[in-house]
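J.: Shown below is the structure under consideration.
The values are calculated or read from the model by the stated rules, or taken from the named source; none is laboratory data. Here the structure is a predicted model, which is why all the values come from computation and not from measurement. Note that each Cβ is placed from the backbone with ideal geometry, even for glycine, and that neighbours are counted across all protein chains shown. We work out accessible area using only protein heavy atoms, side chains counted, and drop any ligands, DNA or RNA first. Shrake-Rupley method; radii C 1.70, N 1.55, O 1.52, S 1.80 Å.
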Amino acid sequence: MIYIKPEILAKANTWLTSIFDNDTQQNIKDLIASNPKELEDSFYKNLEFGTGGMRGIMGVGTNRINKYTLGKNTQGISNYLQKSFPNESIKVAIAYDCRHNSKELAQIVAHVFSANNIQVNIFEDLRPTPELSFTLKHLNCHCGIVLTASHNPPEYNGYKVYWQDGGQLVPPQDAEIINEINNLDYSQIKFEPNKDLITLIGKDIDNIFIEASIENGSFKTLQDYKDKLNIVFTSLHGTSITIIPETLKRAGYHNVSIVEEQAEPNGDFPTVVSPNPEEPEALKMALELAEETNADIVIGTDPDSDRIGIAVKDLDDKMVILSGNQAMVLMTHFLLNHYKNEGRLKPTDFIASTIVSTPMMQALADGFNIDYKIGLTGFKWIAKMIKDYPEQYFVGGGEESFGYMVGDFVRDKDAVTSTLLACEIAAQAKAKGSSVYEELIQLFVKYGFFKEHLISITKKGIEGAAEIKQMMIDARNNPLKQVNGSKVLRIEDYQFSISKDLISGKESVIDVPKSNVLIYYTEDGSKIALRPSGTEPKIKFYISVNTKLDNVSDFKSVEQELDTKIKAIVKDMKLA
């Protein structure tokens, strides 16, 4: 006999009314009859907004991405927009990626907005996420939506919400909009479109976005050096194929080999286990092509083209993938050095990153005598910094998860402009007889050798969510006193906004929004952060170690020391 919890059955039964279409009702009946576990996972909670918007598995139910959950979101946002801008003609922009159902879901979102008398500008076909952020500002829209699940597996889709400044939702708008959504009933969703209010966006905006990317991501590298740079590019079956090859071409990079097997957008991502440039496996085909073509640099982007993976030749002439932290440090230093040489750098200028990213960003800011701002995980917080400090010029910033933002013309991580910037760094390094990798080592000599490592533990479903929650409770109730033999000096608990000095016992307030993050700082300079993912069923452990590097010739031996230290920390914390 099949047992279904009464509260789950009650929720499911509300979806068996005439409000919901026949296919939805039939799918729920099938789950009730034969798959109670899937039914429970589909209804045990409502999908929530996390670090990068709302993401979830596609299907029926309150804990799934479907026309009703996204329709309800859009109706709530429509209501909020009308309350917030009562005397204005409200405009929104919508984009979508290559995932299954993205186009159909984007149309539904457009229909709901238009049914609420809101002017909709929707891309005619799939486009990168950063182009939506740019377009929203360019068209003076009040809000923007991207249908994407970024680098999540094929069964996922998602819904990112952007505000007037081009950045994703942050307080107080996020809580106010969520409250508006939660107060709605599904019967209140207006699905009937006003097609007169829906306008398609085409190549004209693409051209403007490409020119803006070139303006922000190119730095007067001589054409001869650009021609000598050998580039391999893969879009990993995603949206960047629509923009990045043309952007590289217009910027003067003509020696580009595209991984053709991955060039066609495909929501199944058939050639990779995960379409995430953070995963070495995702760039395997690109690295193989790089060997064939003797490439200087490999670029790979995730499905919605906000994340960028970069591989370059190491000291042994072998292709290696840079970590997100390494790429961020290289890009930031390049920008700072460029602006300094042009006499444009001021002490009030700032760079930015996140609490789980490399501390080397602080060292760069100190070295150039500029401001450094640090926030929670997610580029929405960097966008908020730009909005909150308009008197300060934002140079660039990123986070460890393979994302970077050049200037403020796009207010989210941007693989399009970052691709250009990476190629500029590579071309200029090659021109002076160096390489990207050698330039990175020089930075380690000057600012300290920082090395990071990420451990991700996946815990799926209801049980997994409970396990992750308990792991964080245990970490708070029994905080580490030492890590790998090194005494813990300070613990930062962002859930309770408290930083505690374990030597003096003194506590201070952390002045950022609350988040479920715990960070340990040890006597030997190590930093270990614990954080449940806001968009995936994972708990993440971020490990950072550092030491001095006196000269380039010591690089390999010192790197081995740091690797050994990281392994010891992983073993000590029982993470492997």
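J.: Among all residue pairs at least 6 apart or on different chains, which show Cβ distances below 8 Å where the first residue, located in region 124-139, is open to solvent by 10 Å² or more (accessible area, probe 1.4 Å) and part of a helix (DSSP H, G or I) and the second is at pLDDT 95 or above and among the small types (Gly, Ala, Ser)?
T.: These pairs meet every condition: 134/166; 134/212; 137/166.
J.: At least 3 residues that are β-branched (Val, Ile, Thr) and touching a strand residue (DSSP E or B) at 6+ places or on another chain (Cβ under 6 Å) in each: list the strands (runs of 3 or more DSSP E) lying fully within region 200-310 that qualify.
T.: Answer list for region 200-310: 231-234, 297-301.
Yes/no matrix, rows are residues, columns are (1) at pLDDT 95 or above; (2) open to solvent by 40 Å² or more (accessible area, probe 1.4 Å); (3) over 27 Å from residue 63 (Cα atoms); (4) not hydroxyl-bearing (Ser, Thr, Tyr):
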| position | (1), (2), (3), (4) |
| --- | --- |
| 121 | yes, no, yes, yes |
| 147 | yes, no, no, yes |
| 159 | yes, no, no, no |
| 175 | no, yes, no, yes |
| 182 | no, yes, no, yes |
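J.: Across region 509-528, what is the number of residues that are open to solvent by 60 Å² or more (accessible area, probe 1.4 Å), touching a strand residue (DSSP E or B) at 6+ places or on another chain (Cβ under 9 Å) and more than 21 Å from residue 574 (Cα to Cα)?
T.: Residues meeting the conditions: 1.
J.: Within region 22-47, how many residues are in contact (Cβ under 8 Å) with a residue 40 or more places away in the chain and within 18 Å of residue 186 (Cβ to Cβ)?
T.: Counting residues in region 22-47 that are in contact (Cβ under 8 Å) with a residue 40 or more places away in the chain and within 18 Å of residue 186 (Cβ to Cβ) gives 3.
J.: Another one. Out of all the residues in region 428-442, is one or more modelled with pLDDT of 95 or more, farther than 20 Å from residue 552 by Cβ and open to solvent by 60 Å² or more (accessible area, probe 1.4 Å)?
T.: For region 428-442, residues modelled with pLDDT of 95 or more, farther than 20 Å from residue 552 by Cβ and open to solvent by 60 Å² or more (accessible area, probe 1.4 Å): absent.
J.: Of these, 371, 388, 412, which one is touching a helix residue (DSSP H, G or I) at 6+ places or on another chain (Cβ under 8 Å) and open to solvent by 30 Å² or more (accessible area, probe 1.4 Å)?
T.: Just one listed residue meets the conditions, 371.
J.: Report yes if residue 446 is open to solvent by 10 Å² or more (accessible area, probe 1.4 Å) and within 30 Å of residue 250 (Cβ to Cβ), otherwise no.
T.: Judged against the criteria, residue 446 is not a match.
J.: Within region 406-432, can you find the residues that are under 15 Å from residue 222 (Cβ atoms) and part of a loop (DSSP other than H, G, I, E, B)?
T.: 432
J.: Looking at region 422-445, which of its residues are out of contact with any helix residue (DSSP H, G or I) (no Cβ under 7 Å at 6 or more places or on another chain) and basic (Lys, Arg)?
T.: Selection gives 432 alone.
J.: To continue, here is another question. With the requirement that a residue be not in a loop (DSSP other than H, G, I, E, B) and not small (Gly, Ala, Ser), what does region 186-199 give you?
T.: Listed by number, the residues that qualify are 186, 188, 195, 196, 197, 198, 199.
J.: Further, regarding this structure: For residues that are farther than 21 Å from residue 355 by Cα, touching a residue at least 60 places away in the same chain (Cβ under 8 Å) and of a type in the set (A, V, I, L, M), tally how many sit in region 458-506.
T.: Residues flagged as farther than 21 Å from residue 355 by Cα, touching a residue at least 60 places away in the same chain (Cβ under 8 Å) and of a type in the set (A, V, I, L, M) within region 458-506 amount to 2.
J.: Of all residues in region 161-172 being in contact (Cβ under 8 Å) with a residue 60 or more places away in the chain and open to solvent by 10 Å² or more (accessible area, probe 1.4 Å), which is farthest from residue 377 (Cα to Cα)?
T.: Among them, the one singled out is 165.
J.: So residue 535 ticks every box in (1) within 27 Å of residue 43 (Cα to Cα); (2) outside any strand (DSSP E or B); (3) modelled with pLDDT of 95 or more but one. Which box is left unticked?
T.: All conditions pass for residue 535, except number (3).
J.: Take region 70-104 and flag every residue that is among the polar types (S, T, N, Q), within 19 Å of residue 189 (Cβ to Cβ), crowded, with 21+ Cβ neighbours inside 10 Å and within 25 Å of the chain's Cα centre (by Cα).
T.: Selection gives 73, 74.
J.: Quick one: which residue in 303, 245, 265, 270 is touching a residue at least 12 places away in the same chain (Cβ under 8 Å) and open to solvent by less than 10 Å² (accessible area, probe 1.4 Å)?
T.: Testing whether each residue is touching a residue at least 12 places away in the same chain (Cβ under 8 Å) and open to solvent by less than 10 Å² (accessible area, probe 1.4 Å) leaves just 303.
J.: Could you list, in sequence order, all residues of region 1-19 that are farther than 14 Å from residue 185 by Cα and either touching a helix residue (DSSP H, G or I) at 6+ places or on another chain (Cβ under 8 Å) or surrounded by 10 or more Cβ atoms within 10 Å (Cβ to Cβ) (or both)?
T.: Those that are farther than 14 Å from residue 185 by Cα and either touching a helix residue (DSSP H, G or I) at 6+ places or on another chain (Cβ under 8 Å) or surrounded by 10 or more Cβ atoms within 10 Å (Cβ to Cβ) (or both): 2, 3, 4, 5, 7, 8, 9, 10, 12, 13, 16.
J.: Just a yes or no: is a residue in region 278-291 of a type outside the set (Lys, Arg), surrounded by fewer than 24 Cβ atoms within 10 Å (Cβ to Cβ) and within 17 Å of residue 414 (Cα to Cα)?
T.: Yes, there is a match, as at least one residue in region 278-291 is of a type outside the set (Lys, Arg), surrounded by fewer than 24 Cβ atoms within 10 Å (Cβ to Cβ) and within 17 Å of residue 414 (Cα to Cα).
J.: Just to be sure before I move on: is residue 323 among the hydroxyl-bearing types (Ser, Thr, Tyr), crowded, with 21+ Cβ neighbours inside 10 Å and touching an Asp or Glu at 6+ places or on another chain (Cβ under 7 Å) in the structure I sent?
T.: no
J.: Within the set of pairs 6+ apart or on separate chains, which have a first residue in region 337-348 that is open to solvent by less than 80 Å² (accessible area, probe 1.4 Å), a second that is among the aromatic types (Phe, Trp, Tyr), and C-beta atoms under 6 Å apart?
T.: Here the result reads 338/219; 345/339, each pair linking region 337-348 to a residue that is among the aromatic types (Phe, Trp, Tyr).
J.: Still on this structure, please answer the following. Select from region 328-383 the residues that are assigned to a helix (DSSP H, G or I), over 21 Å from residue 410 (Cβ atoms) and polar (S, T, N, Q) and list them in ascending order.
T.: 337, 341, 362 - these are the residues of region 328-383 that are assigned to a helix (DSSP H, G or I), over 21 Å from residue 410 (Cβ atoms) and polar (S, T, N, Q).
J.: If a residue must be open to solvent by 70 Å² or more (accessible area, probe 1.4 Å) and farther than 23 Å from residue 160 by Cβ, how many such residues does region 189-202 contain?
T.: 3
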